[in-house]
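One structure is given here, and the rest of the page talks about it.
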């Protein structure tokens with residue numbers, strides 16, 4: 001099999017939009033990340049299903065991992081209740097690995113439930129931007 005870059009995309013949103021919808025729960029998550037000394041990129045890698053979800057397992061106690069999972073899932077639940085959109089965090093690629101076609105690098109917020117604009121997607125379409133990046137493999 002040949003190696004090369006292949007394209008990916010996500011419906012990317014700015015953190016400000018998450019904060020507009022769920023300010024208290026986003027602040028709670030950010031305080032927890034600071035307390036645990038976890039960068040947003042590490043957090044994104046850990047919770048991005050395509051990344052394997054095991055990056056933090058070695059350096060964080062099981063109790064702290066559980067607290068982090070609860071904080072993220074509470075944020076996702078409230079965001080979906082308020083917007084009808086599925087809140088996700090994804091990790092794209094390191095900046096130094098990015099190809100010229102990459103519009104986003106590192107961790108970012110994205111949403112599901114908008115590919116074919118649902119009523120919620122239509123309502124918030126001005127807050128959502130599809131961004132592209134490539135992955136080498």
For residues that are closer than 21 Å to residue 16 by Cα and either modelled with pLDDT under 65 or out of contact with any helix residue (DSSP H, G or I) (no Cβ under 7 Å at 6 or more places or on another chain) (or both), scanning just the range 92-107, find the one that is surrounded by the most Cβ atoms within 10 Å (Cβ to Cβ). 92
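Have a look at 89, 114 and point out the one that is touching a helix residue (DSSP H, G or I) at 6+ places or on another chain (Cβ under 8 Å) and either assigned to a helix (DSSP H, G or I) or modelled with pLDDT of 90 or more (or both).
Values: 114 fails: either assigned to a helix (DSSP H, G or I) or modelled with pLDDT of 90 or more (or both).
Exactly one of 89, 114 is touching a helix residue (DSSP H, G or I) at 6+ places or on another chain (Cβ under 8 Å) and either assigned to a helix (DSSP H, G or I) or modelled with pLDDT of 90 or more (or both), namely 89.
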Looking at (1) over 28 Å from residue 32 (Cβ atoms); (2) modelled with pLDDT of 80 or more; (3) within 15 Å of the chain's Cα centre (by Cα), find the lone condition where residue 72 falls short. (1)
From the options 49, 14, 20, 24, residue that is within 13 Å of the chain's Cα centre (by Cα) and either at pLDDT 95 or above or within 19 Å of residue 127 (Cβ to Cβ) (or both): 14
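Look at residue 41 and say whether it is exposed (fewer than 15 other Cβ atoms within 10 Å of the Cβ) and modelled with pLDDT of 85 or more. Spell out how you get there, then give the answer.
Values: exposed (fewer than 15 other Cβ atoms within 10 Å of the Cβ): no; modelled with pLDDT of 85 or more: yes.
When the stated conditions are applied, residue 41 does not pass them.
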Identify all residues within the range 117-131 that are within 16 Å of residue 81 (Cβ to Cβ) and not in a helix (DSSP H, G or I); write none if there are none. 118, 124
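The values are calculated or read from the model by the stated rules, or taken from the named source; none is laboratory data. What you see is a predicted model; the values in this text were computed from it and never measured. Glycine also receives a Cβ, built like all others from the backbone with ideal geometry; neighbour counts cover every protein chain displayed.
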